[in-house]
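Below is one structure; the comments refer to it alone.
The values are calculated or read from the model by the stated rules, or taken from the named source; none is laboratory data. Everything numeric here is computed off the predicted structure, so don't read it as measured data. FYI the Cβ positions are ideal-geometry reconstructions off the backbone, even for glycines, and counts take in every protein chain you see. With ligands, DNA and RNA removed, areas are computed over all heavy atoms of the protein, side chains included. Shrake-Rupley method; radii C 1.70, N 1.55, O 1.52, S 1.80 Å.
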Amino acid sequence: MKGLFTLSTVSSEKIIEIIDLALRFKRGETKVSYPGKSMATLFFENSTRTQYSFQMAMIKLGITPVSFSSVGSSLAKGESLYDTVKTFEALGVDGVVVRHSKDGYYRDLDSVRIPIFNGGDGKSDHPTQTLLDLMTIYEEYGRFDGLDVCLVGDIKHSRVAHGNAEVMKRLKMNVYIAGPDEMLDDTAKVLSLDEAVEKCDVINLLRVQFERHSEKLDMNEAEYLKKYGMTLERVSRMKDKAIIIHPAPINRGIEIQSEVAECEKSRIFKQMTNGVFVRMAVISMVLEDKL
Ligand code: NCD
């Protein structure tokens, strides 16, 4: 199968190569174009950033994006993911971006011949999110080795946490997790958020994944923010150069105090900009058989 499914099978050297190409696209040092090609975004879960930044990346690469809305499609008639992807292949698109709630959904698609780009699978992986997070960190520090990062919040239900932790550890970052007990798992060593804000170079906030919870959270929003959220008071205790990242969508007033989202340490909107360049890099490397 061609494409990008999980970074766990991509070497650290290759990951650095992708980030390097994304930075060159951002600085305008490289230009490539694939006129005549088209790619479809097949999102079976909600998405704003991932879907539209893949489309922006396609436009910048001269590729025509084809949108698919699961509402109004033949999914309502019981069509499967496999048959939907095979349909777009038959229509002649040159690649598909897929987001689906099933962990490892792409394993059911091994007879598809066009490249598949994983836009998020269940609670497992979100490789382009991990890459854009890494690019944002690299722009700040120029390295990964030895940086302390804490993933904060709903670790257990987050594909971003699981994907980021695996690669960050491989790049020799010291990875920690913080959050309410019921949202933690064995992804990394646990810190309290108050320890984390003073120690870490990167605070990687995560959205509370309400849609994946089987039980209602036993805490109101204000209480969550006070105990586990990023408040201006916590920001004031961070190291001088330390930054805050979040994949978004953000729940203002729950895991992040509204003012923190646009504070001087936040890189949340810069991450979205970087997402376009990372996706340009991934698409072009796959089209040129370099990934
Ligand atoms: C994330 C996702 O969908 O995995 N968002 C994103 O792609 N930027 C995180 C989330 O929904 O919390």
Test: T30 is closer than 26 Å to S101 by Cβ, β-branched (V, I, T), out of contact with any strand residue (DSSP E or B) (no Cβ under 9 Å at 6 or more places or on another chain) and open to solvent by 20 Å² or more (accessible area, probe 1.4 Å): no
For K227, only one of the following conditions fails: (1) touching a residue at least 40 places away in the same chain (Cβ under 8 Å); (2) more than 16 Å from the ligand (Cβ to nearest atom); (3) assigned to a loop (DSSP other than H, G, I, E, B); (4) surrounded by fewer than 19 Cβ atoms within 10 Å (Cβ to Cβ). What is its number? (3)
All but one of (1) within 16 Å of the ligand (Cβ to nearest atom); (2) farther than 18 Å from E140 by Cα; (3) touching a residue at least 60 places away in the same chain (Cβ under 8 Å); (4) touching a helix residue (DSSP H, G or I) at 6+ places or on another chain (Cβ under 9 Å) hold for L206; which doesn't? (3)
It is to be established whether one or more residues within segment 14-26 are open to solvent by 50 Å² or more (accessible area, probe 1.4 Å) and either touching a Gly at 6+ places or on another chain (Cβ under 9 Å) or part of a loop (DSSP other than H, G, I, E, B) (or both). no
List the residue pairs whose Cβ atoms are under 6 Å apart, where the first residue sits in segment 67-93 and is without any contact (Cβ under 8 Å) to a residue 40 or more places away in the chain, the second is surrounded by 14 or more Cβ atoms within 10 Å (Cβ to Cβ) and of a type in the set (D, E), and the two are 6 or more positions apart or on different chains. Y82/D108
Please work out if Y176 is buried (at least 17 other Cβ atoms within 10 Å of the Cβ), in a strand (DSSP E or B) and not aliphatic (A, V, I, L, M). yes
Considering each residue of segment 34-83, count those that are open to solvent by less than 50 Å² (accessible area, probe 1.4 Å), of a type outside the set (A, V, I, L, M, F, W, C) and within 16 Å of the ligand (Cβ to nearest atom), and give that number. 8
